[in-house]
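Trainee: Have a look at this one before I ask anything.
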């Protein structure tokens, strides 16, 4: 579950059965994490938040933040983050919902995990 305003972004990571795994918040003081359940194969909550932010924020906001030689591109229903060698790091899939382009999945190749995003009310 994601909640964002002008001052902070908060993400609660849930398991497929709705159990809260972590809560991570990003604000002017930095990133704050609360791990509810320790799952050894789970990526760091801060990395998951970064991927979710990458999927929601416009490319123009990310371009100045990218390491030298990295690219972030949009093409149709996909966004791709590639490293300086051109290798795919993150792949985001979008769906047009009610006139808005919204992320529905994030494949994180560098860390080897996949996030499926579900929206409340679906």
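Trainee: If R₀ is 22 angstrom, what is the calculated FRET efficiency for the pair residue 14 and residue 98, using the beta carbon separation as r and rounding to 0.05?
Mentor: The value I calculate is 0.45.
Trainee: If I model a spin label as a point 7 Å beyond the Cα along the Cα-Cβ vector, how far apart are those points for residue 29 and residue 60 in nm?
Mentor: 3.2 nm
Trainee: Kindly put 59, 117, 106 in sequence by how many other C-beta atoms sit within 10 Å of each C-beta, fewest to most.
Mentor: 59, 117, 106
Trainee: When the expected Rg is taken as 2.2 N^0.38 Å, what fraction or multiple of it is the alpha-carbon Rg of region 2-116?
Mentor: 1.08
Trainee: Same structure again: When only Cα pairs under 8 Å and 6 or more residues apart are kept, what is the percent relative contact order across the chain?
Mentor: 12 percent
Trainee: Can you compute the FRET efficiency between residue 36 and residue 107 using 1/(1 + (r/R0)^6), with r the Cβ-Cβ distance and R0 = 22 Å? Round to the nearest 0.05.
Mentor: Once rounded, the FRET efficiency stands at 0.35.
Trainee: Based on the Cβ-Cβ distance of residue 3 and residue 75, what FRET efficiency does E = 1/(1 + (r/R0)^6) give at R0 = 41 Å, to the nearest 0.05?
Mentor: 0.90
Trainee: Given the DSSP H assignment, sum -39500 (n - 2.57) over each helix run of at least 4 residues in the chain and divide by its residue total; what's the result at 222 nm in deg cm²/dmol, nearest 500?
Mentor: Calculated at 222 nm, the ellipticity per residue is -3500 deg cm²/dmol.
The numbers here are math on the coordinates, done by the rules we state, and not lab data. Every value quoted in this text rests on a predicted model; they were computed, and no experiment measured them. Every residue, glycine as well, gets a Cβ built from its backbone with ideal geometry; the counts of neighbours run over all protein chains shown.
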